[in-house]
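Shown next, in structure tokens, is the structure this report addresses.
The values are calculated or read from the model by the stated rules, or taken from the named source; none is laboratory data. Just so it is clear, the structure is predicted and the values come from calculations on it, not from any experiment. Note that we place each Cβ from the backbone using ideal geometry, even for glycine, and neighbour counts take in every protein chain shown.
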Amino acid sequence: MIQVDYAARLREIRDKVEAEERLSMDDGIFLYDPVVPLQEIGMLANYVRERKNGNVGFYNINTHLNPTNVCVYRCRFCAFRSDLRDPKGYVMNDEQILQRGQEATENGCTEMHIVGGLHHKMPYSWYRGIIELLHENYPKIHLKAWTAVEINWFEFQTKKTKQWVLEDQRKAGLGSMPGGGAEIFHPEVRDQLCEHKANTHEWLKVHQTAHEIGLRTNCTMLYGHVEKAYHRVDHLIRLRDLQDRTGGFQVFIPLAFHPDNTKLSDLKKPSALMDLRTVAISRLMLDNVQHIKAYWIMLGIETAQTALAYGADDIDGTVRHELIYHDAGATTPQCLSVDDIRQLIIEAGRDPVERDTVYNRVHREPHDFTQWTTEQAPSETCSSH
Ligand code: V47
């Protein structure tokens, strides 16, 4: 009897999805019930994924830069941060930062993903200087930098508005913003994880302001710790509401919690089944976000590949120098070659397409891999529904 009820409820949801109607909070919570077969949700998410992005599997060639791990905040899920006087703490100097720009150029990177700790002593000018230094020396590389939490910290440091900080960063060379720092918006959870850092209102307001001045941004959700299904769906709906107003999010990245070396190390990391369910439900709930990224570093290669059939259309990049997940116990390699990442997408039955940070297609010179141009693909960029 109960089974019949589930089937009927799922059919209702399938009808809504096929009619491009929006799913509700209750629909999302229902889909998280383990009694609802994962493969059914996956098929539905795959249908939406193919409707939005065809058979493409996007990737990019990128590198990470974490200029410091010293952080005033003590988020309970973070294994990367360091106290000011801890021997683990580091601050990169200009020469080391430039070296990373050089290495990125030699490897054909189109993007540097730059985030770090909120250092007790480093002034705003140091953070701004990193962007300026890299942009002046390597102008072709897109700098996707600073989470909303960092922008909020820069507001505190400079006593200026969000808009001022974002425009100042853009003048220095900021290209777009990554989606980190979102964690879980619901205060029942956020207050347990990171009660001191930028709250939900501030996080959303930073992204709203970025979108209003024409900067594209990404969005994330950290799941698989103390939150419940209700909190996850609430999080997705808050992102969807902002996207309705601005249209500035390009991609959503569900981030699976890795417990090693964190204050929550007694928790188990989420299963692959939970990862796939979350990718699929994200695809179904976020009807106005064009792309869903299965971040291979965090999901592991096999689950990321599988996620390409559960709603995801992007797998992130070749990635180099990733620290945040590897400090928290990720066992994935530090970097994949372009051939590896393309092969991984082909194996999943998708057509690999190299994109830049803002989802333009990248064309490489056949005789010199490090030389590239981009071509805008209007159907795949900037669209909402
Ligand atoms: O905000 C930190 C998460 C985020 C852990 O925008 C952890 O393209 C799991 O936002 N276990 C930073 N997660 C990473 C991030 C990101 C990654 C890839 C691509 C993009 C993008 C953004 O990582 C943090 C936090 O939510 N995080 N520690 C941990 N132990």
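Here Asp86 meets the list (1) in contact with a Pro (Cβ under 9 Å, 6 or more places away or on another chain); (2) closer than 30 Å to Gly117 by Cβ; (3) more than 16 Å from the ligand (Cβ to nearest atom) almost entirely, failing just condition (1). Among (1) free of Cβ contacts under 8 Å to residues at least 12 places away in the same chain; (2) within 20 Å of the chain's Cα centre (by Cα), there is one condition Cys194 misses while meeting the rest; what is its number? Cys194 satisfies every listed condition except (1).
If you go through segment 266-285, how many residues are within 15 Å of the ligand (Cβ to nearest atom) and buried (at least 24 other Cβ atoms within 10 Å of the Cβ)? Residues that pass the stated criteria total 4. In segment 21-33, is there at least one residue being part of a loop (DSSP other than H, G, I, E, B), at pLDDT 95 or above and crowded, with 21+ Cβ neighbours inside 10 Å? Yes, because at least one residue in segment 21-33 is part of a loop (DSSP other than H, G, I, E, B), at pLDDT 95 or above and crowded, with 21+ Cβ neighbours inside 10 Å.
Select, from Glu50, Glu111, the only residue that is surrounded by 12 or more Cβ atoms within 10 Å (Cβ to Cβ), closer than 30 Å to Val319 by Cα and in contact (Cβ under 8 Å) with a residue 60 or more places away in the chain. Working first, answer last.
On the way: Glu50 fails: in contact (Cβ under 8 Å) with a residue 60 or more places away in the chain.
Glu111 is the lone residue from the list that is surrounded by 12 or more Cβ atoms within 10 Å (Cβ to Cβ), closer than 30 Å to Val319 by Cα and in contact (Cβ under 8 Å) with a residue 60 or more places away in the chain.
Could you tell me whether His135 is closer than 25 Å to Thr357 by Cβ and surrounded by 17 or more Cβ atoms within 10 Å (Cβ to Cβ)? Yes. Answer yes if at least one residue in segment 331-344 is farther than 26 Å from Glu50 by Cβ and touching a Lys or Arg at 6+ places or on another chain (Cβ under 7 Å), and no otherwise. Looking for residues that are farther than 26 Å from Glu50 by Cβ and touching a Lys or Arg at 6+ places or on another chain (Cβ under 7 Å), one finds at least one in segment 331-344, hence yes.
Do we have any residue at all in segment 226-233 that's assigned to a helix (DSSP H, G or I), touching a residue at least 60 places away in the same chain (Cβ under 8 Å), away from the ligand (no atom under 16 Å from the Cβ) and buried (at least 21 other Cβ atoms within 10 Å of the Cβ)? Checked against the condition, which is being assigned to a helix (DSSP H, G or I), touching a residue at least 60 places away in the same chain (Cβ under 8 Å), away from the ligand (no atom under 16 Å from the Cβ) and buried (at least 21 other Cβ atoms within 10 Å of the Cβ), segment 226-233 yields at least one hit. Criterion first (assigned to a loop (DSSP other than H, G, I, E, B) and at pLDDT 95 or above) does Lys263 satisfy it? Here the answer is yes, as Lys263 does meet what is asked.
Does segment 249-261 include one or more residues that are of a type outside the set (S, T, N, Q), under 18 Å from Phe58 (Cβ atoms) and either away from the ligand (no atom under 13 Å from the Cβ) or surrounded by fewer than 19 Cβ atoms within 10 Å (Cβ to Cβ) (or both)? There is no residue in segment 249-261 that is of a type outside the set (S, T, N, Q), under 18 Å from Phe58 (Cβ atoms) and either away from the ligand (no atom under 13 Å from the Cβ) or surrounded by fewer than 19 Cβ atoms within 10 Å (Cβ to Cβ) (or both). When Ala328 is tested against (1) crowded, with 18+ Cβ neighbours inside 10 Å; (2) away from the ligand (no atom under 16 Å from the Cβ), only condition (2) is not met. With respect to the conditions (1) within 16 Å of the ligand (Cβ to nearest atom); (2) polar (S, T, N, Q); (3) surrounded by fewer than 22 Cβ atoms within 10 Å (Cβ to Cβ), Gln208 falls short on a single one, namely (1).
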